[in-house]
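Values quoted throughout were computed directly from the atomic coordinates according to the rules given, and no laboratory measurement underlies them. Note that the structure is a prediction, hence the values are computed from the model and not measured. We place every Cβ from the backbone using ideal geometry, glycine too, and count neighbours over all the protein chains shown.
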Amino acid sequence: MATSVRSFSKINLGLAIGPPRPDGFHELVTLYQTLEAHDVVTVEANPSEQNRVLLTSNDARVPTDSRNTVWKMLDQAMKRLLPEFSAEVSVHIEKGLPVQGGLGAGSANAVAALIGLERELRRQFSGAERLEIAAAVGSDVPLFLIGGTVLGLGRGEEVYPMPDLEPIHCVVALPSIGVSTPLAFQEWDLTEGKQLTAEANFDRLKVLGRVLSAGLSGAFSTEEGRPEDPLLALVRTGIENDFEKVVFRQYPFLGEIKRILEPGAVYAALSGSGSAVFGLYQTEEAARKAEEALAGQGTACLRTKTLSRREYWQTMVETR
Ligand code: C5P
């Protein structure tokens, strides 16, 4: 029997880019938040003489070979079971999400496939093993092993569960622009990063790290002395996404999209290196208005909600 797993998406609520490391990656601090919008990954595994992965998708743009993160994840996972065990694994990726940069859909697909594989084989990797395999597949894969509100350090792969933010309406604009993440990092190094000493660059990361942990722990209070809503505390202290500085310069259209999302929003920003741009709204009405404004301008979008860690795990596997 096959196992179907919801493969949720994410946004970055804030992201600070640090200096490049000797391994070519950049040190960063980011706050990930999972969203309800998802794909469905269906896994069927049967013992076989040799490991084999067969991928299919309803979306022709999804690669079905070793370029796919699902393939990389299953290859790594199944190699760990050798020589005692080998299997033929068929995976179907039913895309509900657009193939869009910034939402982590490919990374989430990989984690959903791992969870489906574990269910199918009735074997579980340890938490440490899961995180290690996920980090080898990509920097924003491990966050999907935590879900909810997640702090990302290192190159983004070092993940820590944070107290969940209250679920909130989210409108994600999906401009038909492809932003290359490696090039966006390079552009950062050549412009913004160049103006900072490595030490100053590291200090900025520490500042965001502190703001995130203090804001999320409820350490901030309102003028009347009541605990401040953690998201509002983060917005007030000025969370932002460093990629906006380079990506909006290169694609001014994405900056315009952010301005369309801003009216009525608690917070609007580029997600990751884009091109997805999102707005968060307290009411469904405000979210609908943002959706209409984007439609009027001719940009595709999706309306969803943020997803707490508990809901993430409770609704991930479809029980039939
Ligand atoms: O890990 P992932 O495959 O998502 O990274 C894609 C590319 O983005 C890397 O090869 C690297 O060029 C860049 N990157 C980076 N610093 C990070 C994450 C990614 O420079 N923290």
Filter region 290-320 down to the residues that are in a loop (DSSP other than H, G, I, E, B) and not charged (D, E, K, R), then identify the one that is nearest to the chain's Cα centre (by Cα). 307
Is there any pair with a first residue in region 20-36 that is part of a strand (DSSP E or B) and a second that is among the β-branched types (Val, Ile, Thr) and within 14 Å of the ligand (Cβ to nearest atom) whose Cβ atoms are under 9 Å apart and which are 6 or more apart or on different chains, and what are they? 26/17; 27/17; 28/17; 29/17; 32/159
Considering only residues that are surrounded by fewer than 22 Cβ atoms within 10 Å (Cβ to Cβ) and under 19 Å from residue 12 (Cα atoms), look in region 102-138 and name the one that is nearest to the ligand (Cβ to nearest atom). 138
What is the residue count in region 105-124 for residues that are more than 14 Å from residue 89 (Cα to Cα) and touching a helix residue (DSSP H, G or I) at 6+ places or on another chain (Cβ under 7 Å)? 6
Search result, residues across region 162-185 that are in contact with a Leu (Cβ under 8 Å, 6 or more places away or on another chain) and of a type outside the set (Val, Ile, Thr): 162, 163, 165, 166, 167, 169, 170, 173, 174, 175
Looking at 179, 172, which one is within 25 Å of residue 112 (Cβ to Cβ) and within 16 Å of the ligand (Cβ to nearest atom)? 179
Quick one: in region 154-169, which of the residues that are near the ligand (Cβ under 10 Å from one of its atoms) and touching a residue at least 40 places away in the same chain (Cβ under 8 Å) is surrounded by the most Cβ atoms within 10 Å (Cβ to Cβ)? 156
In the set 214, 219, the lone residue that is farther than 20 Å from residue 275 by Cα, in a helix (DSSP H, G or I) and more than 16 Å from the ligand (Cβ to nearest atom) is 214
Could you check how many residues of region 228-271 are assigned to a loop (DSSP other than H, G, I, E, B) and under 20 Å from the mean Cα position of the chain (by Cα)? 5
Any residue at all in region 72-94 that is in contact with a Leu (Cβ under 6 Å, 6 or more places away or on another chain), touching a residue at least 40 places away in the same chain (Cβ under 8 Å), within 16 Å of the ligand (Cβ to nearest atom) and closer than 30 Å to residue 210 by Cα? no
Is it true that some residue in region 26-37 is among the acidic types (Asp, Glu), away from the ligand (no atom under 13 Å from the Cβ), within 30 Å of residue 214 (Cα to Cα) and surrounded by fewer than 20 Cβ atoms within 10 Å (Cβ to Cβ)? yes
Which listed residue is in contact with a Ser or Thr (Cβ under 7 Å, 6 or more places away or on another chain), away from the ligand (no atom under 11 Å from the Cβ) and in a helix (DSSP H, G or I), from 144, 202: 144
Among the listed residues 225, 274, identify the single one that is surrounded by 18 or more Cβ atoms within 10 Å (Cβ to Cβ) and part of a loop (DSSP other than H, G, I, E, B). 274
Does residue 176 count as in a loop (DSSP other than H, G, I, E, B), more than 30 Å from residue 297 (Cα to Cα) and in contact with a Ser or Thr (Cβ under 9 Å, 6 or more places away or on another chain)? no
